[in-house]
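Read-outs: derived from the displayed coordinates by stated rules, not from any lab. As the structure is a computational prediction, the values presented were derived from the model and not from experiment. Virtual Cβ from ideal backbone geometry, glycine too; neighbours counted across all protein chains shown.
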Amino acid sequence: MKLWGIDLGGTKIECAVLDPERNLEVVVRMRVPTESVNGYDHILSQIKKLIDMVAEQVGERPRKIGFATPGVLEPDSQLMKNSNTTCLNGMPLKADLEKILGVPCQLANDANCFALAEALMGAGKDYHGAEVVFGVIMGTGVGGGLVVNNKIIGGHHGIGGEWGHNILEEGGEPCYCGKAGCVEQVIAGPALERHYQKLSGEKVSMKTVLERYHSGNDEHAKATIERLLEYYGRAISTLINVIDPNLIVIGGGVGNIDLLYTAGYERIRKYIFNKGVVTTPIVKPKLGDSAGVFGAALL
């Protein structure tokens, strides 16, 4: 039986079909625009349209489908929550999908799907025996997913792995979650750009901040990257102290900054509860933007 996955993004919906009999070879990949401004029902119709298109190309319909979603399905109410595609929040997405598609559907947060795909198909293949894998997303937001023995740990409230909304900076910037100083409001890309603008009075991209840091003659860029490295070390040390994963994979645009894997890694030693000894492999992902849809198929 082929594995079908859907990555439900804010701007695009992507479908991938994998063949487990051919080492998870990709049979088909196809996408349509999400067009979320048109509302919840339109998103459902776009998903059905995509499934119909892929089924025609594959020559068979799915028996079940995995979905990588923004936000998460609340285990008790079975309603969506914490989604930045806000029209999904409070909606019975799983039940509605199963109704319009006529097959069982499995939903998981997109960061969890990222972690699962990297554990089974990506970076995890270089670390055989890694029982506990934590997938970090550091981009426009900060999220995470936890995989133990090849299984996503969703948790009692469905928020397993959500390290981005722990308080990292007392009295920090307010967060949409209702708290202030969350990890996301300190080391996500927009938060770092805001910090640079606060220091310099100039609004520039994170890429420019990094270029100016490497040029060595911009004190504000130096302070911004120093802030990133210090708080990154503190936040990652907390993950290691609580979970002590065998492998951490870091995705997202900020995760591409090479300093995180050198100077940032050294900062972890200051905060870890292990007499300064850190040997946890922390690596970049192997699957790029395919991780979400592959992880959905693996559900």
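Result for the chain in a Gaussian network model with C-alpha springs under 10 Å: among Val54, Val249, Val204, the largest mean-square fluctuation is at Val204. Using a Gaussian network model of the chain in which every pair of alpha carbons under 10 angstrom is joined by a spring, one finds that among Lys275, Lys49, Lys64 the greatest mean-square fluctuation is at Lys275.
Counting only Cα atoms, the size of region 3-103 along its three principal axes is 38, 28, 21 Å, in decreasing order. For region 196-299, the square roots of the Cα gyration tensor eigenvalues, ordered a ≥ b ≥ c, give a/c of at least 1.5 with a/b no greater than b/c, which places it in the oblate category. For region 66-210, dividing the convex hull volume of the Cα atoms by the residue count gives 148 Å³ per residue.
Taken over the chain, the alpha-carbon convex hull comes to 139 cubic angstrom per residue. Rg and Dmax over the alpha-carbon atoms of region 128-285 stand at 15.6, 49 Å.
Note that region 49-66 has calculated 3J(HN,Hα) couplings of 4, 5, 4, 4, 5, 5, 4, 5, 6, 6, x, 7, 9, x, 8, 7, 9, x Hz, one per residue in order, obtained from phi through the Karplus relation 6.51 cos²θ - 1.76 cosθ + 1.60 (θ = phi - 60°); glycine and proline are x. Computing Rg and the Kirkwood Rh from the Cα coordinates of region 41-99 gives a ratio, Rg/Rh, of 1.01.
About its Cα centre, region 98-243 has a charge dipole of approximately 160 debye under the convention of +1 per Lys or Arg Cβ and -1 per Asp or Glu Cβ, with nothing else charged. Which of the lysines could a cross-linker bridge to Lys151, judged by Cα under 16 Å and excluding same-chain residues fewer than eight apart? Lys151 reaches Lys125.
Across the cross-link table entries Lys2/Lys284; Lys222/Lys286; Lys81/Lys179; Lys81/Lys284; Lys48/Lys99; Lys94/Lys286, which are compared at the Cα atoms, the separations over 19 Å belong to Lys2/Lys284; Lys222/Lys286; Lys81/Lys284; Lys94/Lys286.
When each of the peptides 36-45, 252-261 is scored by how many other beta carbons lie within 10 Å of its residues on average, the order from highest to lowest is 252-261, 36-45.
Kirkwood radius for region 85-128, taken over all pairs of different Cα atoms as the inverse mean of 1/r, rounds to 12.6 Å.
Here region 140-201 is treated with +1 on each Lys and Arg Cβ and -1 on each Asp and Glu Cβ, and its dipole about the Cα centre works out to around 120 debye.
Going by average Cβ density within 10 Å per residue, which order do the peptides 173-180, 292-299 take, highest to lowest? Before the final figure, lay out the partial values.
Working: 173-180: 13.2, 292-299: 28.0.
Top of the packing list down: 292-299, 173-180.
Can you give the helix-only mean residue ellipticity at 222 nm for the chain, where every DSSP H stretch with n ≥ 4 adds -39500 (n - 2.57) and the sum goes over all residues, rounded to the nearest 500 deg cm²/dmol?
Values: 9 runs with 107 residues, N = 299.
Helix-only estimate at 222 nm: -11000 deg cm²/dmol.
As a proxy for reagent exposure, Thr69, Thr140, Thr85, Thr279 were ordered by neighbouring Cβ count within 10 angstrom, fewest first; the result is Thr279, Thr140, Thr85, Thr69.
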